[in-house]
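One structure is given below, encoded as structure tokens.
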Amino acid sequence: MIIYNTTYHAHDKVAAQFVEWVKTEYLPKALADGKISEPRLTVVLNAESNEGKNYSLQFRCQSLDILQDWYTNVGDDLVVAMTQKFGHDVAGFSTLLEEIDL
């Protein structure tokens with residue numbers, strides 16, 4: 001199982017608006033095709049932050065190939081939409097994690 005994590009920094013002036021946008025706009029579009037699932041949005045507590053909040057948004061996906069297909073067909077458009085809405089007030093970086101059975 002692949003975990004797709006994106007960590008965002010949202011400036012204080014748009015942090016609440018960003019969270020609301022994730023819930024009402026981003027997640028419905030991101031989950032619509034069923035290729036990614038189990039969204040989790042958290043506040044990053046141990047991050048040093050000046051004038052903003054840090055968030056982690058995670059999804060699960062069955063494989064890297066499926067995730068790449070999702071990103072090409074859905075994810076790229078969501079990045080564009082976020083940039084158009086928030087400009088430089090929200091920035092993020094993504095990491096891919098592979099779950100290990102315990």
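The values are calculated or read from the model by the stated rules, or taken from the named source; none is laboratory data. Everything numeric in this text was worked out from a predicted model, so none of it was measured. A quick note on method: Cβ atoms are made from the backbone with ideal geometry, for glycine too, and the neighbour counts reach across all protein chains shown. Accessible surface areas use protein heavy atoms only, side chains included; no ligands, DNA or RNA. Shrake-Rupley method; radii C 1.70, N 1.55, O 1.52, S 1.80 Å.
Of note:
- Odd one out for F93, checked against (1) surrounded by 13 or more Cβ atoms within 10 Å (Cβ to Cβ); (2) assigned to a strand (DSSP E or B): (1)
- Of residues in the stretch 49-76 being touching a Lys or Arg at 6+ places or on another chain (Cβ under 9 Å) and of a type in the set (V, I, T), the one least open to solvent (accessible area, probe 1.4 Å): V74
- Residue within the stretch 46-59 that is of a type in the set (A, V, I, L, M, F, W, C) and assigned to a helix (DSSP H, G or I) present: no
- Among the residues listed as D69, D65, D33, the single one being touching a helix residue (DSSP H, G or I) at 6+ places or on another chain (Cβ under 9 Å) and modelled with pLDDT of 95 or more: D33
- Qualifying positions in the stretch 10-24 - open to solvent by 60 Å² or more (accessible area, probe 1.4 Å) and within 12 Å of the chain's Cα centre (by Cα): K23
- Residue in the stretch 24-42 that is of a type in the set (V, I, T), in a strand (DSSP E or B), within 27 Å of E98 (Cβ to Cβ) and free of Cβ contacts under 8 Å to residues at least 60 places away in the same chain present: yes
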